[in-house]
Amino acid sequence: MQTPDIESLLTEKRTFKPDPAFVKQANWNRRKAAELRKLGEKHPKRFWAKMAREHVTWFSPWKKVLDWKPPFAKWFVGAKTNVSYNCLDRHLDGPRRNKAAIIWEGEPGDIRTLTFAQLHREVCKFANVLKGQGVKKGDRVALYMPMIPELAIAMLACTRIGAPHSIVFGGFSAEALRDRIEDAGAVAVVTADAGWRRGKPLPLKEAVDNAIENVASVKSVVVVKRCGPEVPMRAGRDHWWHELMADASAKCPPAKLDAEHPLFILYTSGTTGKPKGILHTTGGYLTHVTTTAKAIFDLKDEDVYWCTADIGWITGHSYVVYGILANGTTSLMYEGAPTTPGPDRFWDIIERHGVSIFYTAPTAIRTFIRLGDEHPKSHDLSSLRLLGSVGEPINPEAWMWYHRIIGGKRCPIVDTWWQTETGGIMITPLPGAVDTKPGSGTLTFPGVKAEILSEAGDTVKPPDGGFLAIQQPWPGMLRGIWGDPKRYRETYWSKWKDQKDTYFPGDGAHRDKQGYFWIMGRVDDVMNVSGHRIGTMEVESALVSHANVAEAAVVGRPDEITGTAIVAFVTPTGGTEAGDALNGELRKHVTKEIGALARPADIRFTDALPKTRSGKIMRRLLRDIASGKETVGDTSTLEDYSVLAKLREADEG
Ligand code: PRX
C-alpha cells in the first residue's frame, strides 16, 4: 500500500444527533438543508444567487452571478449595495429599530447599549467625520483600536462611504502597524488613547505615533478617549473623536457601491516574512457572511449572540459585526481579558446578559478546563442554546467538556472551519440538520465544494489524510493580496498544476467513511498559536534583525493550552554569550518587532542549525527536537549530522 502524504491517527466514534426540540425551531432543518445542499451541489451559482436575494438588500441587481477567470473572481457583477445599509438602515423601519444592535461591556464593568437606530446615527456621523478629514471613496483607513463600540462604528462608517478599512489587532507592535499602514497606503488612522487589558491600559496612540513617523500617506489621526491617560496630540494631524463627532451631521446616505468594490484589507501571516493584505469586496462577502451566520448560528430575533473574538481578526469582522448585524441580531462585545477580574468573567457575562449563542476558540476552552469547573458551575448558563468553536482544531476532550459543562448537554456545537482568506465559514455542521462528532467540522456549507487531495492532486480515499482543497469559487473568497497578484496566484492557486480552479488553504485534513472532514492543522510554515496565525518566517526575520543573532529557525511544538507554542533555535553572533540575558532580550525584541503574540515560548541557543546540502534549514527535524520526539524519516540530505546530535544533547542536558 502506498503511504499517504499525511497520516491520520485520530479515530473518534461518538456521534451526536441534533436535539429534536432544536430541530423543530431551526432556521435550516434537515429538509431545508438537504434541498439547499442539493441545489448547491448541482447549481452552485443558482444557490448563491438565491442566498444573495434572500439575505442581502441590493440597490440594483446583478447582470451575472459569477465571472470566473481563475484565479480571479467577480461575484454579482454589476450589482450595487452597501454593507452599512444592510447592517443598519434596513432594520430601522420595523420592530428592530429600538432593539439592541450592540451590547458592550468594558473590562472595568462599564456597559453601553446601542440600538440599531442609535448605531445608525453614530455611523452616519462618523462617516461625515471621515469625509471631513478628506477621506474619499477608495481611500484606505487603518483602525488600531480596543474592543469598544467606536471600532464597530468606524468600520461601518468606512463601508458607508466606500473607504476600505484595514484593521490591525491592538496586540501588534508599532513596527507591525507601520508595515501594514504603509503597505495599504492608509490616509487616516483611527485609534484610542489606550484600551483596558487585565486591569491595565494598553497604550495604542503611542504606538500609532511611532508607527506613522515618516509615513507620508497618513494625513489624519482620530483618537477615542477610552482610558484617560495623557497622550500627545499633534496639531493639524490628530483629533479627538468626541470633538469631531460633536459637530458632525447625522445625515449621510449610504454610497451605492459596486458589488466588487473593496470592502476591507486584513493582514495575515504567510510563509514569508511579509504579511499578506487579504482583500475582500462588498457583495459576495456580505452574502456569504450573512447567509452562513443565519444558517449556522440559527440566528433569531430574540437572540443575544456573543462571539469572543477580537474584531482585529477575521472572526470579529465577519461574526461580531457584519454577518450578525446584517441579520438584525444583537451582538455582544466585550473589551477585556477572559479572566479579569476573576476566572468566571465569561460565565458572569453570559448570565447577566442572557447570552443565547456563544462562539469562542478551543484555546479559550482549554484554558477554562484548566481553571476548573466550579467557575462555570457557579453561574446560570441556561440562556445558552447554541455553541460554536473556531480558529483551530478542537480536541475531542475539549469538545466534550464544552458540550457538558457549558452547553448542559442540550446545546448543539458548531465547529466551524474557515480562514481570513475564505471570508466566511466553509466547513461546519448545520445545527438542526447535521449529526456532530467531537473534533470534526463535519461537512461543507452548501454551495462550497471541498476535497482531500494528494500531493499529486488525486482524491485521497477515506480515511487517509492529505491536503484540504476547495474546488470552486465561493462568494466570500479573497479577491487577491493587496498589491501582489503574483503572490496571490502562487500561494493559493498553484499547488496542483492542472487544477486551476482549486484553492489551497494550507491545511492538512482527512475524511471519514461518512465524508466528514477532520482538519489536522497547517501543513506550511505557519503556526496556529491560540488560534492566531503566525508565520515562522516573520518570527525568524524579527530575531535576525537583532544585532546579536547570526541565524534563527522557528518551529511550533504542540502545547496543551495554546495549541502550538513557538520555539526558536538561535545561533548568536561570534563572541555573544548565549544565556538568560540574551534570551530575555530576544523575547523583548520579538515583542517590539511583531507583538507579544509572537514571543517565543522557548529560545534554544545552538552553534549551528541542521541544513540540507542546498542550505535549507531542516524544520522537520527541529520540530521533532522541539516537541521531544525521536527523529524519524529521511535525514540523508542532512549536511552535518553532528549538528543534530549537538542539538539533542542540549535538549537532554
Ligand atoms: O488551520 C486552520 C485554522 O485556522 C486557519 C485560519 O486562520 P485565520 O485566517 O487566522 O482564521 C481563523 C478564524 C477563521 C486555518 O487555515 N482553523 C480555523 N478554524 C478551524 C481551524 N482548524 C480546525 N478547525 C477549525 N474549526
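Values in this text are rule-based calculations from the coordinates and carry no lab data. Just so you know, these numbers come straight off a predicted model, no measurement behind them. For neighbour counting, all protein chains shown are included, and Cβ atoms are generated from backbone atoms with ideal geometry for every residue, glycine included.
If R0 is taken as 30 Å, the Cβ-Cβ distance between LYS38 and ASP93 corresponds to a FRET efficiency of 0.30. Take the Cα of THR15, step 7 Å toward its Cβ, do the same at GLU54, and the gap between the two points is 2.6 nm.
For ALA117 and ASN210, the difference between the fully extended length at 0.36 nm per residue and the C-alpha to C-alpha distance is 29.8 nm. Binning the C-alpha pair distances of the range 52-189 at 10 Å intervals from 0 yields a P(r) profile of 11, 31, 35, 20, 3, 0 %, listed from the shortest bin outward.
When the Cα positions of VAL529, GLY283, PRO146 are compared along the charge dipole of the chain, GLY283 comes out farthest toward the positive end, with charges on each C-beta of Lys, Arg, Asp and Glu. Counting 0.36 nm for each residue step from LYS137 to ARG31 and taking away their Cα separation leaves a gain of 33.8 nm. Between the amide H of ILE167 and those of LEU143, ILE265, distances stay under 5 Å, these residues lying 5 or more places away or on another chain, with hydrogens modeled in the peptide plane.
Rounded if a/c is under 1.5, else prolate if a/b beats b/c, else oblate: with a ≥ b ≥ c from the C-alpha gyration tensor eigenvalues square-rooted, which is the chain? In terms of gyration-tensor shape, rounded. Taking R0 as 35 Å, what FRET efficiency do you get between VAL544 and LYS513 from their Cβ-Cβ distance, rounded to the nearest 0.05? Using R0 = 35 Å, I get an efficiency of 0.15.
Restricting attention to the chain, close to 60% of DSSP beta bridges with both partner residues there are antiparallel. For LYS64, nonlocal amide neighbours, meaning residues 5 or more places apart or on other chains whose placed amide H falls under 5 Å from its own, are VAL77. A full extension of the chain between GLU585 and GLU560 corresponds to an added length of 6.4 nm, given 0.36 nm per residue minus the alpha carbon distance. Given +1 at the Cβ of Lys and Arg, -1 at the Cβ of Asp and Glu and no other charges, the dipole of the chain around its Cα centre is 2820 debye to the nearest 20. Distance between the pseudo-spin-label points of ARG198 and LEU371 (7 Å out from Cα toward the beta carbon): 1.3 nm.
Bridging of LYS42 to lysines at a Cα separation below 16 Å is possible for LYS32, LYS50, LYS449, once same-chain residues fewer than 8 apart are set aside. Rounded to the nearest 500, the helix-only mean residue ellipticity at 222 nm of the chain stands at -8000 deg cm²/dmol, with each DSSP H run of n ≥ 4 adding -39,500 (n - 2.57).
The overall shape of the range 526-652, judged from the alpha-carbon gyration tensor, is oblate: a/c is not under 1.5, and a/b is no greater than b/c. Between ASP435 and THR339, the distance separating the two model label sites (each 7 Å from Cα on the Cα→Cβ line) works out to 3.8 nm. Computed over Cα pairs, the Kirkwood radius of the range 462-565 leads via Stokes-Einstein (0.692 mPa s, 37 °C) to a diffusion coefficient of 204 µm² per second. Over the range 15-98, the alpha carbon radius of gyration divided by the compact-protein estimate 2.2 N^0.38 Å works out to 1.42. Using the average count of surrounding beta-carbon atoms within 10 Å as a protection proxy, the listed peptides 246-252, 119-125, 184-190, 271-277 rank, highest first, as 184-190, 119-125, 271-277, 246-252. Given R₀ = 22 Å, FRET efficiency for ARG489-THR271 by Cβ-Cβ distance, to 0.05? About 0.90, to the nearest 0.05.
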